[in-house]
1. Please compute the Cα-Cα pair-distance distribution of segment 73-165 with 10 Å bins starting at 0, giving whole percents from short to long.
2. Sketch the reach of a paramagnetic label on residue 427 as a point 7 Å from Cα along Cα-to-Cβ, and name the residues of segment 468-498 whose backbone nitrogen lies under 14 Å away.
3. Can you work out ³J(HN,Hα) from phi for every residue in segment 20-28, in order, using Karplus 6.51 cos²θ - 1.76 cosθ + 1.60 and θ = phi - 60°, giving whole Hz and x for Gly and Pro?
4. Determine the alpha carbon to alpha carbon distance for each of 122/142; 260/315; 27/58; 415/473; 201/231; 58/118 and list only those over 19 Å.
5. Which distance in nm do the two modelled labels at residue 337 and residue 298 give, with both placed 7 Å along the Cα-to-Cβ direction?
6. Can you pull out the GluC sites (Glu not before Pro) in segment 155-258 whose DSSP state is coil and whose Cβ has at most 16 other Cβ atoms within 10 Å?
7. Suppose R0 equals 22 Å; then what is the FRET efficiency for residue 275 and residue 472 from their Cβ-Cβ distance, rounded to the nearest 0.05?
8. Taking R0 as 25 Å, what FRET efficiency do you get between residue 133 and residue 36 from their Cβ-Cβ distance, rounded to the nearest 0.05?
Amino acid sequence: MPTIYQTYRPQKFEDFVGQEHIATTIKNEIALNKLAHAYLFSGPRGVGKTTVARLLAKSVNCPNRRDGDSEPCNECSSCLEINAGRNIDVIEIDAASNTGVDNVRENIIDNAQFQPTKSKYKVFIIDETHMLSTSASNALLKTLEEPPQYVIFILATTEPHKLLPTIISRCQRFGFKKIPFAIMLKRLEGICDKEEIKIEKKVLERIINKSDGCLRDAESLLGQIFSLNLKKISQEDAAMVLPSSAAKTAIEFLENIFDKNANSALDILNQMAEEGVNLDQFAHDLLEILRLLMILQTGQTKNLEIDYSDTDIKKIKKLAEEFDRETILKLLDAALARKREIKSSPLPQLPLEMMVVEFTGGSTVKPTTPTEEKEEEKDAEKNKEPDEKIEKHSGVVSEAIKNAVSAITRKTENKASFDDVKNKWPEIISRLSETSHSLIFILKMCDLQGVENGCLRINVPFAIHKEKLEEKKNKKIIEDKLAEIFNERIEIICDVAPVAEQTIENSNEEKDINGLAAEFGGEIVRE
């Protein structure tokens with residue numbers, strides 16, 4: 001069943017919206033028969049690059065198109081075949097999966113030497129062109145320089161800066177832009193009318209805001225809402241489908257940072273980590289709110305009400321009023337940097353924890369206002385001797401450091417001892433056998449080494465065991481089971497023990513090893 005995006009994909013240039021400057025130029029070239037031999041369509045995803053490429057291919061090959069006209073008839077066999085994606089003279093190539101020079105030679109260069117089977121032009125639409133390797137790009141360049149008269153190349157890319165300058169110079173270039181808010185709203189309202197479904201305007205506005213100028217994403221989200229199979233859709237109905245942001249949690253997190261309450265902010269992160277919340281998405285929500293704080297301080301409030309509840313809006317506005325621009329900009333800059341570190345961090349919450357301590361100093365008490373601080377400093381200057389002031393300052397710094405270290409390390413203090421883990425190990429294996437049979441072979445043979453700093457270190461006899469246990473899915477299964485039994489997160493760390501130290505004590509264990517090897521399609525070879 002076709003999606004909303006596929007159903008309402010423009011079949012004529014007059015139906016195409018949001019890129020009128022491009023559509024007009026190409027229509028004029030078709031009408032005047034002054035076509036370029038190569039086009040480069042660049043711009044964000046989902047804004048119409050492939051759609052225009054297909055319209056161009058359809059128009060130039062439509063036998064019913066009148067002289068001086070640019071629109072295809074959409075009735076002839078050529079138009080119908082292109083609409084269905086089965087015209088043999090219109091070749092669409094995904095460069096992301098055909099990056100090599102051999103693919104370019106076979107699919108493009110060699111193919112271009114033969115005349116169209118039944119069309120006037122053979123059209124090559126190459127999507128994500130920037131993904132081609134350097135050798136493939138160089139191979140394509142020769143054909144772009146001197147193409148046969150019956151060939152038209154249309155290159156589409158989201159990253160034109162990655163293309164060879166020589167390729168760009170051979171093409172007529174068109175820059176696609178994000179679709180404006182008003183145009184997207186009119187488009188979505190038109191689809192709702194045709195589908196005879198009434199949707200609250202606030203829902204459509206939220207869809208557009210979530211789509212960030214990408215019409216394809218907006219139409220896809222609208223299609224998901226249509227799947228509710230309701231004739232009238234409210235904001236409450238749409239909330240079941242539309243991706244939601246953790247605005248409430250993000251606002252509370254920022255309030256604690258602004259209040260210098262490190263413990264509460266770290267507790268929020270720790271709880272999210274234990275619940276398996278995507279911290280990369282949470283960091284994105286933080287950035288959105290910090291961006292709003294920055295923009296609100298300029299006096300702009302456009303679209304603020306689209307993505308946030310009335311309660312959240314009040315809190316966001318209060319934060320924007322209470323804190324200075326310099327603090328917000330510094331926090332925004334830090335959040336950007338820490339978000340980039342989340343995916344590469346051994347502990348996803350660690351970069352955000354570092355940001356908390358960086359901005360709070362590990363303090364658990366709300367600081368005085370700048371005015372109060374100045375008054376206290378004046379009184380201190382009058383009443384304290386220099387040595388006493390130095391001692392006081394030193395004590396505050398020491399206390400802040402102690403609090404910061406405590407806030408970072410308190411969640412890594414282990415309640416479960418190594419003996420606890422060893423005693424419970426048979427039970428752990430027994431429980432895991434209910435869901436993950438292949439892991440049991442390995443865990444039965446592993447050698448427990450110790451528990452330290454929230455980590456259980458184990459030795460395994462072969463590298464293949466280590467690879468299996470360190471697969472993200474398997475590692476999570478084991479660590480979740482440990483958390484279930486000991487009520488705390490314990491990370492597993494695997495090492496391959498020297499072969500000389502590994503002994504097979506009984507035939508059952510040897511059967512386990514052989515069974516595991518067979519499961520992976522191999523066998524154990526001993527010299």
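The numbers here are math on the coordinates, done by the rules we state, and not lab data. The structure presented is a predicted model; accordingly, all values stated were derived computationally and were not measured. Glycine also receives a Cβ, built like all others from the backbone with ideal geometry; neighbour counts cover every protein chain displayed.
1. 16, 47, 28, 8, 0
2. 481-488
3. Each residue of segment 20-28 in turn: 4, 5, 6, 4, 5, 4, 5, 4, 5 Hz.
4. Numbers: 122/142 17 Å; 260/315 17 Å; 27/58 12 Å; 415/473 25 Å; 201/231 14 Å; 58/118 13 Å.
Result: 415/473 exceed 19 Å.
5. According to this spin-label approximation, the distance is 2.4 nm.
6. Details: sites: 189, 195, 196, 200, 205, 219, 236, 252, 255; in loops: 196, 200.
Sites meeting the loop and neighbour criteria: 196, 200.
7. Working: r = 18 Å, r/R0 = 0.80.
Result of the calculation: an efficiency of 0.80.
8. Values: r = 25 Å, r/R0 = 1.01.
After rounding to 0.05, the efficiency reads 0.50.
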